[in-house]
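The values are calculated or read from the model by the stated rules, or taken from the named source; none is laboratory data. Just so we're clear, the structure is a prediction, and the values are computed from it rather than from any experiment. With ideal geometry, Cβ positions are generated from the backbone for all residues, glycine too; neighbour counts draw on all protein chains shown.
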Amino acid sequence: MGDDPQRYYECPEEYENILEELAQGHNVLNREIRLQIPGKDQVTVFASYMPIQFHDQDAVLGWFYDISELKNFTTQLAHREKEFRRLIEYLPYGILIHQEGKVCLANQKAVQQFNAASAQELLELPVLDLVHPDYRDIVMKRATATLEKGTNNPVIEEKLLCRDGTPFDAEVANLAVTFNGRPGSLVVFNDITERKRRNPTADQCQCLQHQPGWHSHYRSPEPHPGRQSFLHHHYRVLSG
């Protein structure tokens with residue numbers, strides 16, 4: 001309580017702009033910003049904000065998805081592809097890279113989550129074979145934006161398919177990369193099926209507060225000019 005979120009922003013004016021947009025009745029969704037977290041280097045996040053009622057008062061809910069590691073990986077990927085291949089094996093996320101619609105790299109976590117026998121089973125597979133039919137259109141649109149425009153797509157929920165056809169719920173983001181000298185899409189995903197089963201009726205805000213890898217803060221009305229009251233919660237990076 002009483003902590004000012006503005007001090008965490010690399011550019012404090014950016015936070016003021018966000019508050020102004022919210023005051024105009026707009027939600028702010030999936031904005032890429034840089035934060036300075038005490039005890040850490042600067043981090044890059046996808047940030048979203050929405051006005052809510054908290055204890056019968058106007059407040060702001062913000063949630064953040066840390067993409068710092070992925071941004072660093074993709075920046076260095078063109079020059080350090082061998083190191084990248086080794087590094088992604090230690091990440092607790094499923095990671096694929098696909099080019100021209102086919103998988104060209106998969107880490108061990110992806111092999112496990114797709115219930116494949118090995119990474120080789122996934123290589124050269126049409127990436128849409130791993131996506132539930134209901135989500136193939138949105139996946140194609142996001143992949144096209146990544147490959148043609150270099151767009152980094154924020155986290156959304158999708159249904160993916162294990163190799164035996166069993167669907168599972170996943171949080172998925174994808175980033176533009178250069179791999180083997182050609183443009184590709186790096187897909188990062190995390191199986192959330194069990195988490196959704198444990199919380200089938202949880203309120204949306206409550207879910208956000210308890211999801212690993214998200215940060216939230218509430219901004220309450222100022223009781224006096226110049227005074228602000230905040231709840232600021234930090235959660236560790238999504239760990240599967």
- request: Return the only residue of GLN99, GLN113 being in contact (Cβ under 8 Å) with a residue 12 or more places away in the chain and touching an Asp or Glu at 6+ places or on another chain (Cβ under 6 Å).
  value: GLN113
Where THR151 falls short, out of the listed (1) farther than 23 Å from LEU29 by Cα; (2) touching a helix residue (DSSP H, G or I) at 6+ places or on another chain (Cβ under 6 Å); (3) of a type in the set (Ser, Thr, Tyr): (1)
- prompt: When only residues in region 45-61 that are hydrophobic (A, V, I, L, M, F, W, C) and either at pLDDT below 85 or over 20 Å from VAL177 (Cα atoms) (or both) count, which is farthest from the chain's Cα centre (by Cα)?
  reply: PHE54
field: Single unsatisfied condition, PHE54 versus (1) buried (at least 21 other Cβ atoms within 10 Å of the Cβ); (2) in contact (Cβ under 8 Å) with a residue 24 or more places away in the chain
entry: (1)
statement: So the strands (runs of 3 or more DSSP E) completely within region 81-200 holding 1 or more residues that are of a type in the set (Ser, Thr, Tyr) are 167-179, 182-191
- request: Go through the residues of region 1-17 one by one and say whether even a single one is closer than 30 Å to LEU87 by Cβ and assigned to a strand (DSSP E or B).
  value: yes
task: Taking the options LYS141, LYS159, name whichever one is touching a Phe, Trp or Tyr at 6+ places or on another chain (Cβ under 6 Å) and over 23 Å from PHE73 (Cβ atoms).
output: LYS159
Region 160-188: number of residues that are out of contact with any strand residue (DSSP E or B) (no Cβ under 8 Å at 6 or more places or on another chain) and charged (D, E, K, R): 2
message: Here is a list: GLU158, GLU121. Which entry is assigned by TED's automatic domain parsing to the domain that holds GLY181, modelled with pLDDT of 95 or more, among the charged types (D, E, K, R) and within 18 Å of the chain's Cα centre (by Cα)?
response: GLU158
- prompt: Restricting attention to region 62-83, and to residues there that are surrounded by 14 or more Cβ atoms within 10 Å (Cβ to Cβ) and more than 17 Å from the chain's Cα centre (by Cα), which single residue is modelled with the lowest pLDDT?
  reply: LEU77
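Is it true that GLN113 is out of contact with any helix residue (DSSP H, G or I) (no Cβ under 6 Å at 6 or more places or on another chain), of a type in the set (S, T, N, Q) and surrounded by 16 or more Cβ atoms within 10 Å (Cβ to Cβ)?
yes
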